[in-house]
Amino acid sequence: MLPDNTLIIMSRFICGIVLHVFLQNELTIALNHMKFAVNHPWKFDNYFLAWLSGFLQATMVLYVESVNYIALLTNLSHLDIVMNFMALVVIADFDDFFYSALFDTAYKDVVTNKDGTYDEFLMCQMTTS
């Protein structure tokens, strides 16, 4: 079915572009993780698992964006478009919610060691081939 008016088309366009821009950072991070794992295999016990985590994050971004465009094209009211858009934003940020829940626990000390033992390990390095 075609939309009733041009405002539906504009809301579809705005929600699609906003989610696309919102997910670009997640996709860039995932691709950098994959690249780092492949170029520095000696830093991991199993570099394939490190690569796989980046690959799964990139796959999640592509799935969320695909579902967003399918939802945008099948909804015919402004309320449905915005509700589905907001639900997909929450799904896309689900991993950040888990990290923020662990922020005050002892797991954070594994990543950000306070005594400086792993300062050079967490240093940003070149990821080019």
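Laboratory data are not the source of any read-out in this text; all were calculated from the coordinates shown. Being a predicted model, the structure only gives us computed values, none of them experimental. Please note: Cβ atoms are built from the backbone with ideal geometry, for glycine as well, and neighbour counts cover all protein chains shown.
How long are the three semi-axes of the equivalent ellipsoid for segment 6-111, computed from the Cα gyration tensor as the root of 5 times each eigenvalue, in whole Å, largest first? Three semi-axes, in Å: 33, 17, 9. Counting only Cβ charges, +1 for Lys and Arg and -1 for Asp and Glu, the dipole size of segment 6-111 around its Cα centre is about 280 debye. A straight line joining the Cα centroids of segment 1-31 and segment 34-83 runs 16 Å. The calculated FRET efficiency for the pair Asp80 and Asn39, based on their C-beta separation and a Förster distance of 41 Å, comes to about 0.40. Run a plain Debye calculation on segment 1-66 (Cα atoms as equal point scatterers, no solvent) and give log10 I(q)/I(0) at q = 0.29 Å⁻¹, rounded to two decimals, same order as the q list. For segment 1-66, the Cα-only Debye profile gives -1.11.
Taken one residue at a time, the phi angles of segment 80-92 give Karplus couplings (6.51, -1.76, 1.60, θ = phi - 60°) of 5, 4, 5, 5, 5, 4, 5, 5, 6, 5, 5, 5, 5 Hz. Gly and Pro are set to x.
Couplings 3J(HN,Hα) for segment 28-34, derived from phi with the Karplus relation 6.51 cos²θ - 1.76 cosθ + 1.60 (θ = phi - 60°), are 4, 4, 4, 5, 5, 5, 5 Hz, where x marks Gly and Pro.
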